[in-house]
Structure formats: structure tokens, C-alpha cells
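Quick note: the coordinates plus some simple rules give every number you see, no bench work behind them. Note that the structure is predicted; figures quoted are calculated from it, not measured. Heads up, the Cβs are rebuilt from the backbone with ideal geometry, glycines too, and the neighbour counts pull from every protein chain shown.
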Amino acid sequence: MKEKKVTQRKFAVILVLSMVMMLFAGCAGEKKKKEEETLLVPEDTLLGYTYSEVYTPYQLSSCDVKVEIVQPEDSELMVTKLLAGDSDYDFMMLSTDSALAADILRTGAYYSLNDVPEAAGLLDRYHDYIKEAATAENGDIWMIPCGVNVSFVLYREDVCEEYGLDFDGMTYTEFLEQVEALPKNGEHTFFTPYGLMTADITSKFEQVYGYEDMSQQETELLRSYMEKMRAYDVPFNEGKWWLLSSEKRPEHLSDASMKNIAFELERSDNMSLSVSLDYFRIGGFRATKLPDLEEGVVCPSGVRVDFIVINPKSDKLELTLQYVSQLCEKLQKDTTTAIRYMSRGEDFSNNVLREDIYRLISEGEVYSLYPYDVVGAELMAYREGKQEFDVMLEEIQRNIKMFQEE
Amino acid sequence: MKRYLLKCRLLLIPSLAGLALFYVLPYVRVIYYSLIENQFSRRFVGLQNYVKVFQNEYFRLALKNSLLLIATAVPVLVVTAFLLSLLLLKMKGYWKLLRIAFIFPMLVPTASVVVVWRTLFDGSESVWPVYLLFIYKNIGLLIILLSAAFSTLEGEVYEAARLDGAYGFALHRKITLPLISPTLLFTILIGVVYSFKVFRESYLYFGTSYPPDHSYTLQYYMNNHFFKLNYQNLASAAVMTSLIVAVIVVVGVRLQKKFTV
């Protein structure tokens, strides 16, 4: 009798243990299944934090496939691993001006989307130059454009008329002259953040002329702008941050104070859905192309495209392609401003500011920049007064030669 | 005896497995990378990558600078370490503690040393600060090795030599040098191998991936290709560098054996 009880107890214990183990196994299986059904995308400073900016929740939830944004501990290692053929991440998001984007294209570290009909369909919706940027030389669709950035001059039409300001077709030199001549303590605030201008001038110089073979005229042009930047640049001339306003720009401008803004240099932050949104709402603002560098040399607006590129070594390639297919389908039908800016034949006539920005993007061009180490570091050394102009130029050209030929 | 040998072999298995896993297999992988078009197409291209790398102007510049570092900084490093070890050998009492001071450069992070170096040399763009930094960082290890070799020398040998009339420089030339020659050759090899690894010091000193031409070494070439994700050039350069180091080491070991006999 006693033995029977012991056997029953043993049986009960074994049963309970088996159930617990089954429960654990079930949970682990569920977790694994969940992991298998979730795509991983890295996001960090190296990639520019663009994914969650562009991928607003509506886009993430619009597809059946779940996407998890992962912040890697070591971003450089992550990129290296990814491009060495690692399968940790299924896709990533980059911008066309990053050196990494050029490296991906050069090394062929992308999955060709030619066999995804929705991808080709989406590209047909976009401006020709964006479609061209998304297509490799061999005809491969190597990326899916998802967002666009452009810099421009934002201005109040009525105020500028009052002060006789006309930005159309002007050079940065003329722009600065006009700004300098404005009344210092007038009713209106003139925001001219030289920090933005500095970045734009150097990017524009790279976009139009490059630094490889500069003629004497281009050298002098760069010299004159670099001197201006050195004289007014933000980090080194704190007081001149807002040239005509002694106050620093408040983080959140009230509607009333925004109406006093005459103009400012603005960089749209992923489809102008953040800062510029207020300008759209308040009204009265217009946008025009950034000034040119030189009279007679018209430069289209430099457009930075944020895009998705698929890891060809992804373990979940099938699922990733399913996601891309759904995403492209969704983007093709997208009626929000984000995708419309990149699309051909859109009508923004109900909002004059959006219409202006749309025109700038339509007539823009995708540009790429050298890595910071090659050009930016030398420009910075000059601006900080650590290097003479001629030495800076010589160093930039030496770095470019080394970068290209090594 | 057989059992003993078997035990020895069994005990060797973990370290051999580690060696295979962390050194041999990655190296084989590197060789594989150097023979394919890229890691995605994986098309075999034979020695094409090697030819391309060797024809590259900057690889040749890097190779020249690396060899120049061996020819100039390594002899200075070894001779200085040798002389300082001799000097430390003669130190008595608390002065013996001085040898600890030479170990400090190995412990101090290179980044901190570079800050001092930049101040000391006023950010000079010449090659000498980097050479001196290389000597400063590695001299401690060489002093330890040479001091250990000196400490094994027996006093009777010197006494006998002195009785035979050998003093001062002649004593070291005739007695010390031949006796410690295996260690000396070993330190030279260490110096050569370490000179191929000079990068961090130079990178931190110049603060860029594109240093002045005279300081552009093989490590820069490989590092830049690593960041450009050009693994084929990187792998080919790495294999060539390791072959050069291997040749130097083999020659060194042969010489070492010759001197030991």
C-alpha cells in the first residue's frame, strides 16, 4: 500500500515536471517563432537615426510583417559585419549622401529588387533622378527611396517685399550683403543661422565643383566663402548665431513670434514634417532655392534621399522581400506629403509653401559627399584657425587622391 | 612513455583547438577573401587581387614606410633597450626599482601618451614623433626580456674573462653579446613584428585616416580598406604583410639557431 502511494507520488512529480518542461518548451518555441517572424533593422548615429523618423508608426503597422528597430552596441562593427556578409540584420536604412551608401553600391552588398514588381512600380512613381539613383549601373534596383531632405530659404513674402528682399537667383555673397544691410532692431526677426549655411556652402561646393581639380577661379571662390564662414561661423562666433537677433532662438516659437520671422535658412527634416509643419500651418511663408555660389552657375537643390537596402545575406530573405513588397505597394498608394514630394505630377496648389518645396525637390539632384575624414576634417581645421587656406586645400586634394586611389 | 606522450597530446588539444579556431580558420578565411571577386558574388579570381594591390601606388608607399620603420626605429629600439638593460644591471639597492619605470609606458593608454606627445612636439607633422612613440611604448618589454637574459649570465664567466684581460666594452662584446644573442635576436624579431602593428599611435597622433605620406604604413592601408569595406584589397594586403613578417621571422629564427650553436 505504502509502495503504491510512493509510486503515485513519483508519477505525480514526473507529471508536474513534464508539464513545466512542456510549458517552457512551448514558451521558447513561441519566442523563436516570434523571432523568426520579426525583421531586424539597425538604427544608430552612424546610420543617422533615420528609420524611426521616416517610418512613422502608420507605416510600420501597415504591413503584416513585424519590424523591430535594434540599436547596436557597436555601430561600426555592425556595419562592418553587415557588409562582410553577416545575417544579423535583414535590412537597413541609409541616406544617399553617406559614404556607406556608396560602399554598398560599389561592393554589391544589396539584394537586387528587380524581381519585386512592386519595387519597380514604386520607382515609376518617383522623379526620374530619384529613380536613377535607386538603380545601379547594371540595372539592379538596389534600394527603395522612403524619404527626402532638402535645404531652402524660407521667407515671409510680405515682409521681404517690405524690405525689398529678393532671393531669386542670388549668390551667397549677395545674400550676405542683403542681410548685413537690414535694420538691426526692426520689428521683424531675420534668422540666418550661419551653421546651416556653412554646411550648405561646403556641401554645395562639393556638389557643383568638387575639390579634385580646382581652377584658380574656383579656388578663389572657395577662399572667399571659407573666409566668410570663418568670420561668421556659429561654433566660433557665438554672438553671430542669429545675425540680426541678439536673442537665441527659443526651442518652441509661438505663433505670434513666428509671424515676425522675415526669413531663415531652413533644412527640411525628413519631408518637412517636423519644424516646417508650423510654417505650413501659419501660412504666409514661401520657400526658394538656396543661393548659388557663383553668378551664372545655377545649381539645382541638393536632395538627400533616405532609403532602405536589403541585406543579401538575411536569414529571413523571403520574409524581408514580402515586407518590401507590401511596403512598396503601400508607398505607391501613399497620399501623405512624405512620398508625394518624391513623386512626379503631384498637385500642391492648395498650399503655396508645399508647392514651392515640391518644385525644389522636383528640380533637385541627388548628391553624395566624401567621408568627413577626407574633406570635412580639413575644412573644420581651417575654420578653427588651425590651418592656412592653401594648406587646407592641398590636404583635401591629397586626401581625395588617396581615398580614390589607395 | 607512450602513455605520457598520449597525455601530453591530450592536454595540448584545448590550446590547439583555440589556435585553430581563433587564428588558423580566420587566416584561411582571409586567404579565401583574397581570392574572390567580392563576398557577395564569391567569384574566384585567382591572384588578381594580389596583382591589383601590389600595383597600387599607396600599397607600395605603405610597404616602403613600414620597411623604413624597421630599418630605422627597430635598431634604435633594440640598442637602447640593450644599453638600458646593461645600466639597470649595475643598479644597486633602490635604484633597481628604476626598471619598473620602463614598464609604465606599456600600462599607460596610448591615447593619454599621445596627448603629451602632441604637446611635446607641438603637433609636428614630421615622422619622428611617431617613431619615438613606437620606441617609448615598446622599450619596456624589450628591457624585461634582455634583463631576464642578463640575469641568467653567470658571474664566473665574467671573472674568468677579466682574468684573461677583458674589460669594459670588450667584455660585453666578447662575452655578454654572444651569450645573450638568442634573446637579442628574439627582441629584434619582437621589434620587427611590433613595427608592422604601428597604427594606433600614429592614428591618434595625426588624428586622421590620411596621415602625411611619410607616416602612411601598411596598417593605414588595411584600416582604410576595412572602412571602405573593400575586403579583397584588405585580405590581399594582410596576406602579403603576413608573408613578409613570416620571411623575416624564419630568417631570424635560422640566425638565432646558428648563434645558439
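Once label points are set 7 Å from the Cα along Cα→Cβ at both A:Glu220 and B:Asp213, what is their separation, rounded to one decimal in nm? Label at A:Glu220, label at B:Asp213, 3.0 nm between them. Across q = 0.11 Å⁻¹, region B:103-205 modelled as identical point scatterers on its alpha-carbon atoms has Debye log10 I(q)/I(0) values of -0.49, in the order of the q list. FRET efficiency for the A:Glu161 to A:Val297 pair, using the beta carbon distance and R₀ = 25 Å, is estimated at 0.35.
Which of A:Lys289/A:Lys330; B:Lys64/B:Lys258; B:Lys52/B:Lys228; B:Lys96/B:Lys197; B:Lys137/B:Lys257; A:Lys131/A:Lys330 have a Cα-Cα distance over 22 Å? Long pairs (Cα-Cα over 22 Å): A:Lys289/A:Lys330; B:Lys64/B:Lys258; B:Lys96/B:Lys197; B:Lys137/B:Lys257. Take each residue in A:106-113, count the other chain C-beta atoms within 10 Å of its C-beta, and the mean is 3.
Starting from the Cα gyration tensor of region B:44-260, take the square roots of the eigenvalues, sort them a ≥ b ≥ c, and report rounded, prolate or oblate (rounded when a/c is under 1.5, otherwise prolate if a/b is larger than b/c, else oblate).
Details: a/c = 3.03, a/b = 1.66, b/c = 1.82.
Oblate, since a/c reaches 1.5 and b/c is not below a/b.
Remark: spin-label model distance B:Val193-B:Thr110 equals 1.7 nm, labels positioned 7 Å along the Cα→Cβ axis.
Other residues within the sphere of radius under 9 Å centred on the Cβ of A:Cys160, judged by their own Cβ, net out at -3 (K and R +1, D and E -1).
Calculate, for B:Leu83 and A:Asn114, the FRET efficiency according to 1/(1 + (r/R0)^6) with r their C-beta to C-beta distance and R0 56 Å; round to the nearest 0.05. Display every interim value, and only then the final one.
Working: r = 68 Å, r/R0 = 1.22.
Efficiency computed from Cβ-Cβ geometry: 0.25.
In the elastic network of chain B, a GNM with C-alpha springs shorter than 10 Å, the most mobile of B:Tyr167, B:Tyr205, B:Tyr58 is B:Tyr167. Shown in residue order for region A:357-373 are the 3J(HN,Hα) couplings computed by the Karplus curve 6.51 cos²θ - 1.76 cosθ + 1.60 at θ = phi - 60°: 5, 4, 5, 4, 5, 4, 9, x, 8, 7, 10, 10, 10, 6, x, 3, 4 Hz (x for Gly and Pro). Within chain B, the whole DSSP H helices whose Cα atoms reach 30 Å or more along their own axis and whose mean Kyte-Doolittle score is at least 0.5 are B:57-90, B:128-151, B:231-260. Once backbone amide H atoms are built at 1.01 Å from N, B:Ile36 has B:Val45 as its partners under 5 Å, excluding neighbours fewer than 5 places away on the same chain. Please work out the Cα center distance from region B:177-200 to region A:320-336, rounded to the nearest Å. So the separation of the two Cα centres works out to 61 Å.
Just to confirm a number: summing +1 for Lys and Arg and -1 for Asp and Glu over residues other than A:Val324 whose beta-carbon lies under 13 angstrom from that of A:Val324, what do you get?
Local charge sum for A:Val324: -4.
Each part reduced to its alpha carbon centroid, region A:368-406 and region A:104-135 end up 32 Å apart. For A:Glu318 and B:Ile31, a Förster radius of 35 Å and the Cβ-Cβ distance give a FRET efficiency of 0.60, rounded to the nearest 0.05.
Extending 7 Å from the Cα toward the beta-carbon at both B:Ser41 and A:Arg344 defines two label points whose distance is 3.1 nm. Packing around the peptides B:92-99, A:214-221, A:203-210, taken as the average count of other Cβ atoms within 10 Å per residue, puts them in this order, highest first: A:203-210, A:214-221, B:92-99.
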